[in-house]
Amino acid sequence: MTVAVAVLFGVAALLVGFAKTAIGGLATISVAVFASLMPARESTAAILLVLLVGDVMAVWHYRHDCDWSLLRRLIPAVLPGLVLGALFLAVVDDDLLRRVIGVLLVIMAVLQLLLRWRPPAAGGIASGRTAAVGAGLAAGFVTMIANAAGSVMTLYLIARGVEKRRFLGTGAFFFFGVNLCKVPFSASLGLFHTETMTLALVLAPLVLVGGWAGLHVARRISQARFEQAVLGASVLAALALVAR
């Protein structure tokens, strides 16, 4: 591994920690970095392990802020989405998977931009059961193939008018549960290797450092300002994957 590659992995790990405790959309950059530096299928397993480290930290710090009523609406649709994502992973090659990941990230970024331009009223259409089922299915599928469901959750929670602290707490528990469910799927596809687990272990301290920074920044800067930077970075990372 070259110094440049090691630095990119380190930055990606810091961003994962920061995303888990501050603005989740930043994790899409880490997904793009891992998919660019590793075979796309193996990258999904490596980033999953790194994300779980951040999940544990986020769940601990936001353990009193989860909106369980929202989770109960989303969870029933997530498992079918995970199954569909696992089936998709089993039949596609690395080149196609990398481009699919990139396209999905572009779509999520565009949807977030549209939501920013025309924010729906809190408790509007997003409060319906259909919206919850759709968000759960999409989150399960996208997180299984790309570990990039943060954008789906952002769209859903913002549309529901969820306050920032409750947003972070609900997302923390949602992704911790979803990522734990993904472990057996990834294992059954043979995606965990010694090198993958070693890489995740080495990067874990940087995830914690990023999470600590995110906790402090989230208290001081508005979510709206973060989202502007997240949208631009997500689009650039996605376009890089598509063009590769």
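Here, each number is a calculation from the coordinates, and none is a lab measurement. Keep in mind that what you see is a predicted model, and the values were worked out from it rather than measured. FYI the Cβ positions are ideal-geometry reconstructions off the backbone, even for glycines, and counts take in every protein chain you see.
Sketch the reach of a paramagnetic label on residue 202 as a point 7 Å from Cα along Cα-to-Cβ, and name the residues of the stretch 1-33 whose backbone nitrogen lies under 20 Å away.
1-17, 30-33
Rank by packing, highest mean first: peptides 210-217, 190-197, with packing defined as the count of other Cβ atoms within 10 Å averaged across residues.
On the way: 210-217: 19.4, 190-197: 13.8.
Result, highest mean first: 210-217, 190-197.
Would you pull out the residues with amide H under 5 Å of residue 22's amide H, same chain only if 5 or more places away, H placed 1.01 Å from N?
none
Summing +1 for each Lys or Arg and -1 for each Asp or Glu, what net charge is found among the other residues whose Cβ lies under 13 Å from the Cβ of residue 59?
Details: positive: 20, 63; negative: 55, 65.
After counting each charged neighbour, the total is 0.
Please give the contour-minus-distance gain from residue 90 to residue 213: 0.36 nm per residue of separation, less the Cα-Cα distance, rounded to one decimal in nm. Mind showing how you got there, number by number?
Working: separation 123, 0.36 × 123 = 44.28 nm, distance 3.69 nm.
Full extension from residue 90 to residue 213 adds 40.6 nm.
How high is the FRET efficiency between residue 189 and residue 223 when r is their beta carbon distance and R₀ equals 41 Å, given to the nearest 0.05? Walk me through the numbers on the way to the answer.
On the way: r = 35 Å, r/R0 = 0.86.
Efficiency at R0 = 41 Å is approximately 0.70.
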